[in-house]
Amino acid sequence: MNKLGILAGVAGLALTAVLAASIPGSADDSKLEQLKAQGFARLAIANEPPYTAVAADGKVSGAAPDVAREIFKRLGVADVAASISEYGAMIPGLQAGRFDVVTAGLFMKPERCAAVAYSEPVLCDAEAMLVKKGNPKGFKSYEDVAKDTTATIGAPGGGTEEKLALNAGVPRDRVIVVPDGQSGVKMLQDGRIDAYSLPVLSINDLVKKANDPNLEVIAPVQGAPVYCDGAAFKKGDEALRDAFDVELAKMKKSGEFAKIIEPYGFSAAAAMSTSRDKLCAAK
C-alpha cells in the first residue's frame, strides 16, 4: 500500500473511533446494561443500622440501600442484593468485581476517592463513643483514649473510627477490631474494651436495642470531623456513577430523597449542603 493509502486508512480508523465514541449507549453504558440484564445490583453493606440492615428474611434495608434501590429501579435495574462485608474489605471487593457498588456509610476521604468513583453525598454523620454510665475514664476525644495508657477502644476493622483512633495516637494494640455492633456492646458490657466508637446514629441505634441503663453515649467526639458517604463505584464505572447521580439529584430536588433518609434520622439538608468535590478534597 502506498503512503497515501496508509494515511487514508489511519484517517478512516480515527473517524470510526470518533463516531463510535459519540454513539449513545455504546461501551460507556455497558455496565448499566449488564445490571439491567442481571436484574439486580450487588451491594456491599456492613449491617450497621441505620445506614444498612439485613432483616431475618434476608431483605436488605437501611438508609443507604433504600436510596440505592430506588435509584437503580429508576435506572431500569429491578432490585438490589446485598453482601455483608467489613469496611476494610469493601473497596478491594469492589475492585475485584465481587460487588457492583458499596452502599454502607463508607465515608469519603481523599485516599478512598482516589480508589473508587463516589456518587454525590448521600448520608452525613458525626462520630460518637459508647462508654459505661458516668463515663468513668472521662473520654471526650480519641486523644483522651490515647493519653490513658490502660484504655482500649473498639472500632470496625478498616473503618473511619479505627483510623481516627490510630491517628490520635492510640497504639495499635489498644485499638480493638470489632466485627459488628452487637459484639461491640457486649465487649463494653463485659469490660473487654473501655469505649466503642461508631457514627452517632449507629451508636444510638445500638443503645436503643440494648436497653441497658449502664451505658452512655458521648457525642459528638471532640475534634472528629463530620463525614458524608456516597455510593462507591469501581473506577471505570463512572458512566454508571453519573447516571446514579442524575437520579439522586432529581430525588434531592423533589423531596423524595428526604422522605427516604429522614425517617432513619439522617438530614437531607446536610447531604445537600456539600459535594463530592469538597469532601474528596478535605484533609
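The values are calculated or read from the model by the stated rules, or taken from the named source; none is laboratory data. All values reported here derive from a predicted model rather than from experimental measurement. For neighbour counting, all protein chains shown are included, and Cβ atoms are generated from backbone atoms with ideal geometry for every residue, glycine included.
General observations
- Considering (1) assigned by TED's automatic domain parsing to the domain that holds CYS113; (2) touching a Gly at 6+ places or on another chain (Cβ under 8 Å), the lone condition that GLY184 does not fulfil carries the number (1).
- Among the residues of segment 51-83, those that are in contact (Cβ under 8 Å) with a residue 24 or more places away in the chain and among the charged types (D, E, K, R) comprise ASP66, GLU70, ARG74, ASP79.
- For first residues located in segment 120-138 and farther than 19 Å from ASN204 by Cβ, partners that are among the basic types (Lys, Arg) and lie 6+ apart or on another chain with Cβ distances below 8 Å form the pairs GLU120/ARG276; PRO121/ARG276.
- Taken residue by residue, segment 164-174 has no member that is under 19 Å from TYR51 (Cα atoms) and either β-branched (Val, Ile, Thr) or buried (at least 19 other Cβ atoms within 10 Å of the Cβ) (or both).
- Across segment 20-68, the qualifying residues are those that are touching a strand residue (DSSP E or B) at 6+ places or on another chain (Cβ under 8 Å), within 21 Å of GLU256 (Cβ to Cβ) and modelled with pLDDT under 95, and the one among them that is surrounded by the fewest Cβ atoms within 10 Å (Cβ to Cβ) is SER61.
- Among the residues of this structure, ALA96 does not count as one that is in contact with a helix residue (DSSP H, G or I) (Cβ under 9 Å, 6 or more places away or on another chain) and of a type outside the set (Phe, Trp, Tyr).
- Strands (runs of 3 or more DSSP E) contained entirely in segment 194-262, each with at least 1 residues that are of a type in the set (Phe, Trp, Tyr) and in contact with a Lys or Arg (Cβ under 9 Å, 6 or more places away or on another chain): 232-234
- Residue check, LEU279 part of a helix (DSSP H, G or I), closer than 30 Å to ARG174 by Cα and modelled with pLDDT under 95: yes
- The number of residues in segment 33-67 that are in a loop (DSSP other than H, G, I, E, B) and among the basic types (Lys, Arg) comes to 1.
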